[in-house]
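Visitor: Okay, here's the structure, questions in a sec.
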Amino acid sequence: MTSAELVRLESVTRTVVLPDESDLHILTGVDLTVREGDHIGIVGRSGTGKSTLLNLLGLLDKPTSGTLTWQGRDTARLKAREAARIRGRDLGFVFQQFNLLPGRTALENVMAPLMYASGREFWQRRRLAWETLERVGLADRVDSMPQTLSGGEQQRVAIARALVRSPRVVLADEPTGALDVETGQQVMSLLDAATLESGAALITITHDTNVAAMAREHFRLEGGRLHALAGVPA
Amino acid sequence: MSQRLDRAATGFVAAVVEAWQELRIHKLRVLLSLVGVMIAVASLTAAMAAAAIAKQVVTEQYEHDGRPALLGVWAHPMGEGVPPLPEVVRPAFFTAAEKLDIRYASMTSSMGIVTSHAGLERQAEIRIVDPAYATLHRVVPSRGRWLEEADAQNMSPAVVVGERLLRKLGLAGADLPVTIELGGTIPVTATVVGATPKGFSGSTVFMLADAYQHWFGADQPLMDAQYELWVPPKRARQLSAEARRVIAAELPGYQVDVSRMDYLAYGDEDPLREVAIVVSVIGGVILLLGALSLLNVALVTIQQRVREVGIRRSFGATTGRVFFSVLMESVVATVVAGAVGVMLAVALISNPWVAKRLIDHVDDVPAFPFEAALLGLAVSVGVGALTGVIPALVAARVKIVDAIRF
């Protein structure tokens with residue numbers, strides 16, 4: 001049985017105008033389809049457009065041309081409010097620098113996305129956040145401030161925060177970039193297992209081929225173009 | 001529809017929760033930035049409250065000369081050298097008052113008199129009045145009671161005496177009633193049934209007109225008197241004309257003049273309006289300075305929180321929600337500061353030392369003006385909203401992509 005399609009990019013380009021009014025083509029003719037449960041690894045060196053691609057996939061930015069659909073709906077026609085709602089409900093972000101909110105405990109950080117939910121999710125935010133932290137093995141650190149946590153623990157809090165609203169797609173940008181190799185492996189294993197368990201699609205953008213190798217589909221971003229790889233990237 | 005309502009309700013609650021979290025996390029910054037607002041609100045509220053209390057004090061003092069609307073009546077015989085005999089004018093005045101259905105009417109006349117007690121002798125003023133005089137002039141005895149109609153029948157004339165005169169006669173704090181002697185050659189023993197406050201009538205002795213006529217009328221007859229009517233301010237003009245006509249009809253051959261005598265006689269303008277305006281302007285300037293410092297800190301802070309705004313946008317925060325959350329941070333903070341400011345103002349104005357100086361000699365001791373407290377809170381909400389708008393706009397216009405920088 002084929003999994004449901006979540007995101008589709010067709011001939012997507014992203015161009016920005018530089019101060020000297022010349023065009024900079026960051027992405028050119030990108031095609032990509034993301035289905036439920038997919039684990040996609042995208043590798044590429046710095047400056048190849050990885051972040052721009054993640055911005056587009058996360059509905060934080062819009063393509064200059066081409067089509068980007070979310071569950072069959074052209075995102076070009078989405079209002080900002082609808083895009084925000086999809087982002088909050090169906091997308092989870094894991095950042096390289098963790099991006100935990102300063103001054104808030106691990107629990108408050110995981111509760112933060114639930115502040116934009118409604119109904120049961122909002123009113124039961126403390127319990128949901130606590131359960132998610134427990135899932136990532138941080139039940140004993142719920143009241144810890146980010147600065148008292150190790151890098152691996154901070155990233156696990158960030159993963160819990162990305163998963164707390166049960167998103168359909170998790171976007172991870174260099175999730176192990178600020179961690180040592182061993183901790184990075186542990187964090188990736190956790191992310192992989194958690195998304196596998198929830199059935200969410202996981203898109204990991206990295207320059208680390210070891211991290212990319214954990215995905216089941218592999219792509220390389222080079223010169224703004226996305227190439228599918230037959231095997232594990234070298 | 002219900003889903004929309006649910007979303008709006010949770011959005012509002014969440015924005016307040018977020019605002020509170022933000023204030024809790026940045027306690028020191030918030031506290032420092034809000035000191036100005038807190039002092040401004042406290043100053044404004046205290047100034048408004050003090051002005052309201054001062055107004056009460058001044059109003060009471062003005063009303064000792066006559067409560068609005070007080071009509072003064074003068075009646076003089078038209079023939080030269082003929083005195084306006086009170087025994088003729090007074091009955092005519094009260095008949096006219098009854099015809100006009102004016103309940104509060106009094107004669108008032110005064111002259112010098114010698115008072116004495118236990119060998120102490122003091123010159124004083126005796127004011128001859130009717131029982132309604134107390135209402136007309138807001139006379140509230142500090143001890144004992146005011147004069148009543150039945151006092152005219154007493155075997156010893158009842159009097160109400162100023163506390164200052166009682167002290168001079170060695171009767172400071174004496175239990176009432178006590179007796180004093182009135183008049184020089186053949187003194188009359190009068191019974192002091194009440195005392196008026198120090199700040200009011202000093203060394204005055206109040207006595208009913210009938211009692212005066214009985215005890216002193218033969219030796220020291222009243223030669224002249226003024227008559228007063230207390231009427232509703234809105235009908236003062238009309239009743240003034242009617243009183244003149246009716247009294248003139250009761251007193252053929254008399255020239256009758258009626259005119260308004262209270263402090264609002266020349267218009268309903270609040271005599272303390274200018275003071276209130278000056279106080280408000282000073283409070284406004286203090287508030288403006290507090291608001292500017294708050295805005296300054298808020299703008300600097302929001303620039304430092306661009307990344308956080310970006311992260312929140314990635315969680316699904318809409319532009320409107322970011323705007324509202326930042327605005328609420330400012331409003332919640334100023335409301336807290338305003339509440340503290342109002343409490344400070346209440347504590348200051350209600351402080352016994354301050355209260356004694358503000359409300360000494362006031363008959364109706366005013367409570368802390370509720371409207372001043374409400375104004376303080378409303379102003380703090382307003383300042384919060386106004387100073388929150390600009391940082392909220394800055395936060396709402398943050399580009400997510402720039403803010404997050406993956």
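The values are calculated or read from the model by the stated rules, or taken from the named source; none is laboratory data. If you're wondering where the values come from, they're calculated on a predicted model, not measured in any experiment. Quick reminder, even Gly has a Cβ in these numbers, built from the backbone with ideal geometry, and neighbours come from all protein chains shown.
Visitor: Given the options A:S3, A:S46, name the one that is part of a loop (DSSP other than H, G, I, E, B), touching a strand residue (DSSP E or B) at 6+ places or on another chain (Cβ under 6 Å) and more than 20 Å from A:T67 (Cα to Cα).
Guide: Answer to the check: A:S3.
Visitor: May I ask you to verify whether A:S189 is out of contact with any helix residue (DSSP H, G or I) (no Cβ under 9 Å at 6 or more places or on another chain), closer than 19 Å to A:G37 by Cα and of a type in the set (S, T, Y)?
Guide: yes
Visitor: Taking the condition surrounded by fewer than 21 Cβ atoms within 10 Å (Cβ to Cβ) and either in contact with a Ser or Thr (Cβ under 7 Å, 6 or more places away or on another chain) or modelled with pLDDT of 85 or more (or both), does B:Q220 pass?
Guide: no
Visitor: Could you please find all residues in segment B:1-38 being more than 23 Å from B:T334 (Cβ to Cβ) and of a type in the set (A, V, I, L, M, F, W, C)?
Guide: Scanning segment B:1-38 gives B:M1, B:L5, B:A8, B:A9.
Visitor: Can I ask one more? Can you say whether B:P68 is surrounded by fewer than 17 Cβ atoms within 10 Å (Cβ to Cβ), of a type outside the set (A, V, I, L, M, F, W, C) and either more than 14 Å from every other protein chain (Cβ to nearest Cβ) or not in a helix (DSSP H, G or I) (or both), as far as the supplied structure shows?
Guide: So B:P68 fails the test.
Visitor: Anything in segment B:313-324 that is within 9 Å of chain A (Cβ to nearest Cβ), under 52 Å from the mean Cα position of the chain (by Cα) and in a helix (DSSP H, G or I)? List them, or say none.
Guide: B:T319, B:G320, B:R321
For every residue, the table says whether it meets (1) more than 30 Å from A:L24 (Cα to Cα); (2) more than 10 Å from chain B (Cβ to nearest Cβ); (3) of a type in the set (F, W, Y).
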{"site": "A:K62", "(1), (2), (3)": "no, yes, no"}
{"site": "A:R77", "(1), (2), (3)": "no, yes, no"}
{"site": "A:E82", "(1), (2), (3)": "no, no, no"}
{"site": "A:R85", "(1), (2), (3)": "yes, no, no"}
{"site": "A:G88", "(1), (2), (3)": "yes, no, no"}
{"site": "A:F93", "(1), (2), (3)": "no, no, yes"}
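Visitor: Could you list all residues from segment B:155-173 that are surrounded by 19 or more Cβ atoms within 10 Å (Cβ to Cβ) and part of a loop (DSSP other than H, G, I, E, B)?
Guide: Passing the criteria: B:P157, B:L169, B:L171.
Visitor: Pairs under 8 Å by beta carbon, first residue within 18 Å of A:A84 (Cα to Cα) in segment A:43-63, partner among the basic types (K, R) and surrounded by fewer than 22 Cβ atoms within 10 Å (Cβ to Cβ), six or more apart or different chains?
Guide: As it stands, the answer is A:L56/A:K62, since those pairs meet every condition given.
Visitor: Which numbered condition in (1) in contact with a helix residue (DSSP H, G or I) (Cβ under 7 Å, 6 or more places away or on another chain); (2) within 14 Å of chain A (Cβ to nearest Cβ) is the only one that B:G341 fails?
Guide: The failed condition is (2).
Visitor: Pick from segment B:298-312 the residues that are surrounded by fewer than 19 Cβ atoms within 10 Å (Cβ to Cβ) and touching a residue at least 40 places away in the same chain (Cβ under 8 Å): which of them is farthest from the chain's Cα centre (by Cα)?
Guide: B:R307
Visitor: Would you check which residues across segment A:194-224 are crowded, with 22+ Cβ neighbours inside 10 Å, small (G, A, S) and under 24 Å from A:G47 (Cβ atoms) and list them?
Guide: A:A212, A:A215
Visitor: Tell me the residue from B:I53, B:I25 that is assigned by TED's automatic domain parsing to the domain that holds B:V309 and in contact (Cβ under 8 Å) with a residue 24 or more places away in the chain, please.
Guide: B:I53
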